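Every read-out reported here was derived from the displayed coordinates using simple, explicitly stated rules and does not represent laboratory data. Bear in mind that the values here come from a model prediction, so they are computed numbers and not experimental data. Ideal geometry is used to build each Cβ from the backbone, glycine not excepted, and the neighbour counts take in all protein chains shown.
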Amino acid sequence: MRIDPKTTDKVSTGVFYLVAAGFILLLVFFVGYILYQGRLRLNLNFITSAPVFMKAGGGIAPQLFNSLYLVFLSILITVPIGLSAGIYLAEYARQNRITKAIRFCIEALASLPSIVIGLFGLLVFVSMTGWGYTLMSGALAVSILNLPVITRISEDSLRGVPHSYKEASLALGATHWQTITRVLIPVALPGLITGIVMTAGRAFGEAAALLYTAGMSSPKLNFSNWNPLSFTSPLNPFRPAETLAVYIWKVNSEGLIPDARQVADGSAAILVISVFLFNICSRFLGRLFSNRFLGKSK
Amino acid sequence: MTKCKPFVIALILVLSLSVALVGCSSNTQPTPAPAASGPSGSATAVGSSALQPLAEKAAEMFMEKNKNAKVQVQGGGSGTGLTQVAQGGADIGNSDVFAAEKLPADQAGTLVDHKVCVVGFATVVNPEVKVDSLTGKQLIDIFTGKITNWKDVGGQDLKIVILNRPASSGTRATFKKYALNGAEEATGQALTEDSSGAIKKALSDTKGSISYLALSYVDNSVKALKYDGVEATVANITSGKYPIWSYEHMYTKGEAKGVAKDFIEFIMSDAFKSTITQMGYIPNSEMKVTRDK
Amino acid sequence: MNSKKTNTDKFYQVKHEYLGRSVVTIFGIMLILITITMVLFLFSKGIKTFTQNHIPIKDFLFSTAWMPGREEAQGGPAVGALIFIIGSVFISGLALLISTPFSVALAIFMTQISPSFGKKLLQPIIEIFVGIPSVVYGWIGLSVLVPFLRHQIGGLGFSLLAGSLVLSVMIFPTITTVAADSLSIIPDDYKEASYALGATRWQTIRKIIFPSALPGILTGVVLGLARAFGEALAVQMVIGNTIRIPGSILDSTVNLTSIITMDMGNTAMGTTWNNALWSMALLLLIISFIFIFIIHRIGRKGSTSA
């Protein structure tokens, strides 16, 4: 007996809804579990105090700061390079060998396991430069990880700008470069910002590439010393800097502090909350800029 | 014109900033300290994660005493530490094992050994295992896969689960050498965990499991076994009755100089002894027995 | 600047045009340079096992003998990586098997069944899944999944299955996003024509939409596989790292990335052991190149058949 196509249609639709609902539930479970486990540590004291050596009750202030600073540095490196490469690919590149080579390289870089990038960082940024394990080495390693993503996002969002905009600008006598900087980039800005914030989130949670570059220790920081050349200054990029994700990994594996489990729980919760914040920020900024620029140009 | 310029300028600025940062790194490393009493300058110690907590604590105390000196302590593993010190990337290489066991002979020969303290290891099992002591022979049979059930060594009928550290780990090398008499462990049977913390967690979660941990990690969540009837205590180790222990080494390339020398001296000094004991290590000066390889 | 003659304006325009163009071209080329440096470095480190330690490539790839620390007297180190390669293949393959049906179903749901729901709710959810760090995935795997498997299914919990399950959650955003992209660019005409012929939605999806989006979906699957292959920490925490070829999905096993993370720091550079680890890193690199190649082949096929 043949089953009525309408019935199959209804059943399959039901299955699709189930799958979608399943994913939502999975996320709710993940986030709920992490937040529930970490709830005891979600207070200001945990975020603002330094880890205590071999004793319970330490916080994660230096690690959190390191994560943020590392993300900041890596954005400082990736955005100019990635955006430029994106502009090149979207606006200037002809169908030639160089373009093909760049595209291939982007894909190759994007699919590299982050542990391989970490090992490369160990060889080049840590050993060859003689810096040792530093925040800068870590930032460079994470930049390699994020470059392909930023480039692709830049190219995509520039290509997404309607052709009429570009033609109008060129028709008014603007040069190609003027068109790019004054028309295309502003219009593409919402997409760019979203992309940048998303990659920032990725850098925030990266651990494998940092184990061998930014290091697994965090020397004492003096948060009142803002001279970037001083050794204890948080701003000095040439100091070992354990990030939050690396700290979770280390606390779990060493387990030397008695409240290791709680500290790992709390750090994971902070990480997930940060990812949420990054997401909300990217959406908010994207909308803000799109209102400003598109509103104006209409 | 007004809008395009900032973009180019910003681009160039950022680029030059990153170049400048790269450039100034070399200036920041040897911080010239104002002339003052005590050692000044900086030293880096890289390597063993087992020694890292102690070295970090020591660096903290050392820098409090000597305001002009800076000591950076970094993990990364014994192999990394030895490589870095042999290649001049670090002033001190921390290691769980003798350099000759990791490095090629020509490189190991250039390094000077400083045995800063001793670490004792205990055979540990899941608390539910009803065995209190194992002989060396029994241990070897368990780890080589000849004995696979606890009932064969006087315990209950329960399958033995071996938890190992990675083959490259110093802890495993020590255990193999002194507890198993160098016997090659059976491959393909043991679970391997990357770190002592992970071992401890897996051990307390897994029924019938056996592993080994540094004494500083042993607490109520696991059960420490006697080795040939001897308990794994500090007293038994210092007197030489209990054999499963190893030195923690700090290697320097050639004789130690400058801050590195002062730092190593500080760790081996009487002033630091109580901290060593407190953190679960054994001061080298209390050992009544010695080893040289 | 407005008061200046148009001539100088022209001059600045031309100058900026060239300046801007050169700068972006240079950065584009820089990407090539970075990639080439990375490849060269890994290559020069990775081939030392074969050139310096004289291990035949055949032994490295096809031997299961992993005794990297064996004394010279007993025959010297043996660094067959086959166990790790097989481990990686099994774990990622199983992860793909688990993840693909759900990911594709979700992509279809987002684009064909309820696009508004997909865009407003599911897209952000996927982005959050992407944003959750791999250590956190590993940590949840270790504290929830491993005990669950141990108590409900049996075995030790640390298993191939645990690794695959963790990975399948980690790769689903990749597959879903790429698949959804390719599903959403299918021209509406196709659908409308199908509906006009009286087909139901399910028939349209199965017979029209799915086949036309297949190349894109496959690209997503390969990208997911590439990600699964390269993931290190999360997998290492839950697979148990027993150096053997697993007999069942409940057995513990080991893979390329976890042996690299475990041994890299503890071995000294220049030793056969350490060199073998670099060779494995090189192998991972080569595998990603192979994946890219496959994606290109799929892309080309897709564009010719469409």
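The amide H of B:SER133, built 1.01 Å from its N in the peptide plane, has B:LYS226 as neighbours under 5 Å, considering only residues 5 or more places off or on other chains.
Membrane-span-like helices in chain B, defined purely by DSSP H runs whose alpha carbon atoms cover 18 Å or more axially and whose average Kyte-Doolittle hydropathy reaches -0.5, are B:4-28.
For the protein assembly as shown, the mean residue ellipticity at 222 nm estimated from helices alone is -18500 deg cm²/dmol, where every DSSP H run of n ≥ 4 contributes -39500 (n - 2.57) and the total is divided by all residues, rounded to the nearest 500. Taking one quarter of the surface of the C-alpha convex hull of segment A:38-294 gives a mean projected area of 15.9 nm².
Largest first, the three principal axis extents of the alpha carbons in segment C:81-305 are 67, 41, 31 Å in whole numbers. Shape class of segment B:244-293 from the alpha-carbon gyration tensor: oblate, with a/c at 1.5 or above and b/c at least as large as a/b.
Close amide H pairs (under 5 Å, H built 1.01 Å from N) link B:VAL161 with B:SER209, B:ILE210, residues at least 5 positions away or on another chain.
Go through B:LYS65/B:LYS200; B:LYS102/C:LYS48; B:LYS115/B:LYS261; B:LYS115/B:LYS223; B:LYS201/B:LYS273; B:LYS177/B:LYS200 and tell me which ones have a Cα-Cα distance over 25 Å in this structure. Table pairs above 25 Å Cα-Cα are B:LYS65/B:LYS200; B:LYS115/B:LYS223; B:LYS201/B:LYS273. Here the Karplus curve 6.51 cos²θ - 1.76 cosθ + 1.60, taken at θ = phi - 60°, turns the phi angles of segment C:259-266 into couplings of 5, 5, 4, 6, 9, 4, x, 8 Hz, with x standing for Gly and Pro.
P(r) tail for segment C:2-78, what percent of Cα pairs lie past 21 Å? So the pairs more than 21 Å apart make up 61 percent of the total in segment C:2-78.
Summarising the amide proton neighbourhood of B:GLU248: residues at separation of 5 or more, or on other chains, whose placed amide H is nearer than 5 Å comprise B:VAL116, B:CYS117, B:VAL118, B:VAL119. Derived scalar couplings between HN and Hα for segment A:63-72 equal 5, 5, 4, 4, 4, 5, 5, 4, 4, 4 Hz in order, rounded to whole Hz, by the Karplus curve 6.51 cos²θ - 1.76 cosθ + 1.60 (θ = phi - 60°), x for Gly and Pro. If you take the Cα centroid of segment B:170-208 and the Cα centroid of segment A:74-117, the two points sit 45 Å apart.
Summing charges over all other residues whose Cβ lies under 14 Å from the Cβ of A:PHE278, with Lys and Arg as +1 and Asp and Glu as -1, gives 0.
Applying a DSSP loop filter and a limit of 13 other Cβ atoms within 10 Å to the GluC sites (Glu not before Pro) in segment B:190-293 leaves B:GLU255. Beta bridges from DSSP with both residues in the protein assembly as shown: antiparallel share about 60 percent, rounded to the nearest 5.
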